[in-house]
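Below: the structure, in structure tokens.
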Protein chains: 2
Amino acid sequence: MSIRELVILGTASAVPTRHRNQNGYLLRWDGEGLLFDPGEGTQRQMARAGLSAHDVTFLCVTHFHGDHCLGVPGVVQRIARDGVRHEVRAVFPAAGEEYWRRLRHASAFKDTGVITEWPLSGEEATVPAGELTLTARPLSHPVPSYGYRLAEPDSRRMIPAELERLGVRGPEIARLQREGSVRAGGRTVTLAEVSAPRPGQKAAFIMDTRLCDNVFALAEGADLLIIESTFLTPEAALAEDYGHLTAAQAGRVAAEAGARTLVLTHFSERYGDEDEPRFLAEAAAAFQGEIVFARDLLRVPVPKRRP
Amino acid sequence: MSIRELVILGTASAVPTRHRNQNGYLLRWDGEGLLFDPGEGTQRQMARAGLSAHDVTFLCVTHFHGDHCLGVPGVVQRIARDGVRHEVRAVFPAAGEEYWRRLRHASAFKDTGVITEWPLSGEEATVPAGELTLTARPLSHPVPSYGYRLAEPDSRRMIPAELERLGVRGPEIARLQREGSVRAGGRTVTLAEVSAPRPGQKAAFIMDTRLCDNVFALAEGADLLIIESTFLTPEAALAEDYGHLTAAQAGRVAAEAGARTLVLTHFSERYGDEDEPRFLAEAAAAFQGEIVFARDLLRVPVPKRRP
């Protein structure tokens, strides 16, 4: 599978509305499926999006406020009921482990052994994800909260014209990639001569938080930046008090971090769909890239690799 | 308020579908609001139905399988967040008290003091509900499960023609009602002479269970009988194994108990809306009253008082 997309399952902060479920985001990345912050109703939103428990390989919780985790029991129980065989890594702030245990065993069901636990602590924590790396860093919110960054390793792409010019052909190409150099045309040809850097793709998932250094660290160079923008600038003081961002701040993060596609989400119930232009305008004042105003069941592709 | 109606919030057993949320039923009865078996997503279904946390005075859980209780945290947290001031009585099987505690404190929130706990044990337990009585009896399911019955006390209605005939007038009528007898026209007039029995209205909420004596006891004379019919008769063996009823059995209960309006719900995901005629036909084979095939967000009035 080479699908790389975000499936948005819910976009409401705090309380669901008729049109917005509580949070829920499945980042599908080749064979991995990272389910971030499943709020209440995520199990049903997944059905609506045509997704199943088998699509989930990571269950990542930023913090234990209800709108970010009350969907955990439903997802866990579906993983068990639907007989998921692969490992599912549950990642969450260690400081909230008691809440995790309650949600993990919230009601009676026939349990599964596939869920492993990866509690987060410290200034930077990493969880392996195949060839990818999932990094978490603490944010600034009234309860312990971590943001996430998923990164593909940097690599190099071969330049066919240079291979041809220096006479590296057939099985010698694979050997060059493997060993770093190869003899051809009477000299040593190095990988650097016939290839160019290919930066790994990156995605960042940041909520809930005030602006802080780790917001920028997590977002750095993200191809896809999913970030809360609970409020607009007129409510900036409220955002600061409750530990949230405004759309203007989210745009500033995207711009300073050199992000590419910016997904705004986690909107306060005080706003409606009619406020979309205000959110876009605030973010666009700082950020020139693509901006998505999240809606339930929207799918956002990870943008094509940087050239 | 004199509204007496059932607001159906969810009708799916086990797993939600696109068209059916997990269980959830608000029985509105004058000033009381009894929320039965809130499954995941009940908080949002309430918003869709135009209901708020303020409408809930009882939170009744039959048993701690996820489809009957995973909506508890969302409802509890809304009761707290929305500043509900009246008492909310939480009623649940005492054997599941550990699950109750996990759901009650599932994630971080600013708690409320209005929720009181009424764990159920024994063969019959009653919880006061204003002038009403809420009775619970154990059912037959793989985990401890209780069914509920809400009953208004029997009373008497005055017969104006008889009052007139025997010469009881004005403030004497109230005195007769209060004291049971009064002097009029040179003799003692008793309440029985000038009034007729007025049976209290009753509702029963029965799930999940196999057929057992308590199913009939709870349903006895119910004006409104809400009962699970997870399966149809071809799956009767499955129903027995998993501790559920068929629509035919639900119809038999309604008929033998002398119920009036029968609400079938909690359908297995194997059935679709196209199966409605089969459910109705199975129940109607035994029961002659009104039968409702439950759908999400449907409102079912408690039938008018028996004549």
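As a size descriptor, the averaged projected area of the C-alpha convex hull of the protein assembly as shown was calculated at 35.3 nm².
Could you work out what % of the accessible surface of segment B:156-196 is carbon and sulfur, using a 1.4 angstrom probe and leaving DNA, RNA and ligands out of the count? Write down the numbers at each step before the final one.
Working: 1370 of 2590 Å².
On segment B:156-196, the fraction of accessible area on carbon and sulfur atoms equals 53 percent.
In square nanometres and to one decimal, what's the mean projected area of the convex hull around the Cα atoms of segment A:6-83?
Projected area, direction-averaged: 4.7 nm².
Taking beta carbons within 10 Å but only from partner chains, what does the mean come to for residues B:44-56?
On the way: counts 13, 2, 1, 5, 3, 0, 1, 0, 0, 1, 0, 0, 0.
What the average comes to for B:44-56 is 2.
Applying both filters, DSSP loop and at most 13 other Cβ atoms within 10 Å, to the GluC sites (Glu not before Pro) of segment B:1-95 gives B:87. Residues of segment A:108-140 that lose at least 10 Å² of accessible area (1.4 Å probe, protein heavy atoms only) when the other protein chains are present, relative to their chain alone, are A:108.
For the pair segment B:212-273 / segment B:110-128, the C-alpha centres are spaced 26 Å from each other. The sum of -39500 (n - 2.57) across all DSSP H runs of n ≥ 4, divided by the residue count of chain A, sets its helix-only mean residue ellipticity at 222 nm to -6500 deg cm²/dmol. Pairing chains B and A buries close to 2900 square angstrom of accessible surface in total, based on protein heavy atoms and a 1.4 angstrom probe. In this structure, the amide hydrogen of residue A:70, modeled 1.01 Å from its nitrogen in the peptide plane, lies closer than 5 angstrom to those of A:40, counting only residues at least 5 positions away or on a different chain. Summarising the strand pairing of chain B, around 55 percent of its internal DSSP beta bridges are antiparallel. Spatial offset of segment B:83-108 relative to segment B:55-73 amounts to 9 Å, using the alpha carbon center of each. For segment A:108-169, the list of trypsin sites (Lys or Arg not before Pro) that fall in a loop by DSSP and count at most 14 other C-beta atoms within 10 angstrom reads A:110, A:169. Counting from the shortest, the label point at residue A:175, 7 Å from Cα toward Cβ, is 12.0 nm from the same position in each remaining copy. Near the amide H of residue A:259, within less than 5 Å, lie the amide hydrogens of A:221, A:222, all on another chain or at least 5 residues away, with H placed in the peptide plane.
Rg and Dmax over the alpha-carbon atoms of chain A stand at 21.3, 72 Å. Per-residue Karplus couplings for segment A:50-56, computed as 6.51 cos²θ - 1.76 cosθ + 1.60 with θ equal to phi - 60°, are listed in order as x, 9, 10, 4, 5, 7, 9 Hz, Gly and Pro entered as x. Excluding same-chain neighbours fewer than eight residues apart, the lysines reachable from residue B:304 by a Cα-Cα span under 18 Å are B:202.
Which residues, if any, in segment A:1-30 have at least 30 Å² less accessible area in the whole protein complex than in the isolated chain, probe 1.4 Å? Residues losing area: A:15, A:16, A:18. The mean number of Cβ atoms from other chains found within 10 Å of a Cβ in peptide A:92-102 is 2, as a whole number.
Residue A:173 exposes around 50 Å² of accessible area when a 1.4 Å probe is run over every protein chain in place. Quick check on segment A:156-196: take the gyration tensor over C-alpha atoms, sort the square-rooted eigenvalues as a ≥ b ≥ c, and tell me if it's rounded (a/c under 1.5), prolate or oblate. Cα axes put segment A:156-196 in the rounded bin.
Which whole-number percentage describes the relative contact order of chain A, with Cα contacts under 8 Å and a sequence gap of 6 or more? It would help to have the intermediate numbers written out before the result.
Numbers: 702 pairs, mean separation 50.4, N = 307.
Contact order relative to length: 16 percent.
Within 10 Å of each candidate Cβ there may be at most 14 other Cβ atoms; applying that plus a DSSP loop requirement, which GluC sites (Glu not before Pro) in segment A:114-149 survive?
Values: sites: A:117, A:123, A:124, A:131; in loops: A:123, A:124, A:131.
Sites meeting the loop and neighbour criteria: A:123, A:124, A:131.
Distances from residue B:98 to the same position in the other copies: list them in nm, one decimal, shortest first, using label points 7 Å from Cα along Cα→Cβ. From this label point to the equivalent ones elsewhere in the assembly: 1.7 nm.
The values are calculated or read from the model by the stated rules, or taken from the named source; none is laboratory data. All values reported here derive from a predicted model rather than from experimental measurement. Glycine also receives a Cβ, built like all others from the backbone with ideal geometry; neighbour counts cover every protein chain displayed. Surface areas here come from the heavy atoms of the whole protein model, side chains and all, with no ligands, DNA or RNA. Shrake-Rupley method; radii C 1.70, N 1.55, O 1.52, S 1.80 Å.
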